[in-house]
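The values are calculated or read from the model by the stated rules, or taken from the named source; none is laboratory data. Only a predicted model underlies this, so the values are computations on that prediction, with no experimental measurement involved. Cβ: placed from backbone, ideal geometry, glycine included. Neighbour counts: every protein chain shown. Surface accessibility is based on the protein's heavy atoms, side chains included, excluding ligands, DNA and RNA. Shrake-Rupley method; radii C 1.70, N 1.55, O 1.52, S 1.80 Å.
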Amino acid sequence: MTADKKLFAAAVLLVALGAGLGYGVAHWRGEAAPAAHSDPSHVTPAASAPASGDRKVLYWYDPMLPQQKFDKPGKSPFMDMPLVPKYADEAPAGGVAVDPRVAQTLGVRTAVVEQQRLAASVEVPATVQLNERDVAIVQARATGFVQRVARLAPGDVVAPGAVLAELLVPDWAGAQQEFLALRRIGDEALVAAARQRLVLLGMPAALIQQVERSGQVQATAAIHAPTGGLVQELMVRPGMTVAQGMSLARITGLSTVWLEASLPEAQTWVARVGQPVEVQLSAFPGETLRAQVTSVLPEASTETRTLRVRAELPNPQGRLRAGMFARMRFGAPGEEALLVPAEAVIRTGQRALVYVVEQPGRFRPVQVQLGRELGDRLEVLQGLQPGQHVVASGQFLIDSEASLQGVLQREAGASAPAAPAAAAPAPLPAAALHQGVGRIVALSAQEVTLDHGAVPSLQWPAMEMGFTLAQPEVAKGFKVGDTVRFTFREGKDGYDVTRLEREQHQHGGAQ
């Protein structure tokens, strides 16, 4: 045998050995695979899903208009896309199904509906303010001239009875001289009349007594602070002329202060006039003060949707200053409440929904009536039972699937009260009419296909789609290729054309 023949024989032998080895390995792996996956929990996704040919189709629908259903596959009459099948195992009765693996991937999380006895308390930020009920206005009792003013400025604190200013009052000097002259005569009736005149001129009783004791005219009068507190305004300066009734100073007392907080509307149930509250100030850490609610103001803030609550706090040492930051805690008697996480509730503006877990992968929408807000939880007054599981995260995905399957509409219809048998059915509201311009692409006795332009009233772009003729006479006299202005409305199974008119000018998007 030559060297070339030997080489060829060796090559053939190697190829045969390789093929046999490959067959053996494949045969061994084919027998081992079922053993490795004999555990039912290790079923592959392909094996776990039923074959598409074995699944029962309920109807077909257009993903852009899922509320319209069709009994056979084909092209959508509304959009240029094929219809999508809806399978029976995708729409369980009374709820919506989501593959548990998909739910886990998207982070769907559940929470338990709990009934707890709560010692409800609400804590809100507050600020210290001056007590506007404890305000004194100092006014001039007579026309005069300012001779001296105490060394004060707005923001200073004065004690009760402190001298604010001294006034020279010329009118008082003449009346006092007349009063002293009548006293020397000794006519008691005239003296009493003269004393009454001094009172009517605005002279303080202390000054009248001083004139009587000394027998000297006192034309200079001191202006005293009627109460101690903060000088907020001082409108008098040396050399000024003041008129009777002119305001000279404004003093606010400091024996008590206000504590004002903005309470959210949903939490105003905890605040009542006369209710004690606990106060903690940043300036005095670790110290808790006691105050009392004096008023809940009757006007809510339109920007923050909060109500102002005012409490009064004693300030015997004067250490509470206006503008200090504090926290006010309101308490309420403990009571039973059914609670869910606030994030589990979907608010649509007309109702509140939660999704209850019926079984793994199946969820049911439930309309609930909400009560108080308690931190990150909400009180449920109606719709749920203790121990139920609700979706707390990822519920918007489930809500979208429920809308697609029409679950919400079915739930709303099932919960609506039945009408009396003898009552006549209420007339349905007339459907809104829309108009557009297009070219007839296909025409039959029941349908017309139009290549139309944009329809602003429905925010439709230009497209080609089919319409049902409301009556066969609507298309009488028209043919394929005509450009028309058409009027249509939403019908039971699509959109119905109620009128066709010839359009003399061609429009873009209708060619």
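Data table
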{"quantity": "Ile346 accessible area, 1.4 Å probe, all protein chains in place, Å² to nearest 10", "calculated": "10 Å²"}
{"quantity": "The stretch 450-503: C-alpha gyration tensor shape, a/c 1.5 cut-off, then a/b vs b/c", "calculated": "oblate"}
{"quantity": "Thr348-Glu373 pseudo-label distance in nm [points 7 Å out on the Cα-to-Cβ vector]", "calculated": "2.2 nm"}
{"quantity": "Asp482, Asp156, reordered so the largest accessible area comes first (probe 1.4 Å)", "calculated": "Asp156, Asp482"}
{"quantity": "Where His389, His434 fall by accessible area, highest first, once all protein chains stay in place (1.4 Å)", "calculated": "His389, His434"}
{"quantity": "Rounded percent of accessible protein surface that carbon and sulfur make up, the stretch 115-230, 1.4 Å probe", "calculated": "52 percent"}
{"quantity": "Long pairs among Lys75/Lys492; Lys69/Lys476; Lys72/Lys476, criterion Cα-Cα beyond 27 Å", "calculated": "Lys69/Lys476; Lys72/Lys476"}
{"quantity": "The stretch 260-364: relative contact order as a whole-number percent, Cα under 8 Å and 6+ apart", "calculated": "25 percent"}
{"quantity": "Whether the stretch 142-235 is rounded, prolate or oblate, judged on the alpha carbon gyration tensor where a/c under 1.5 counts as rounded", "calculated": "prolate"}
{"quantity": "Solvent-accessible surface (1.4 angstrom probe) belonging to Trp172, in square angstrom, nearest 10", "calculated": "10 Å²"}
{"quantity": "Cα shape, the stretch 247-326, gyration tensor, a/c 1.5 rule", "calculated": "oblate"}
{"quantity": "Net length gained if the chain between Arg499 and Val480 were fully extended (0.36 nm per residue, minus Cα distance)", "calculated": "5.2 nm"}
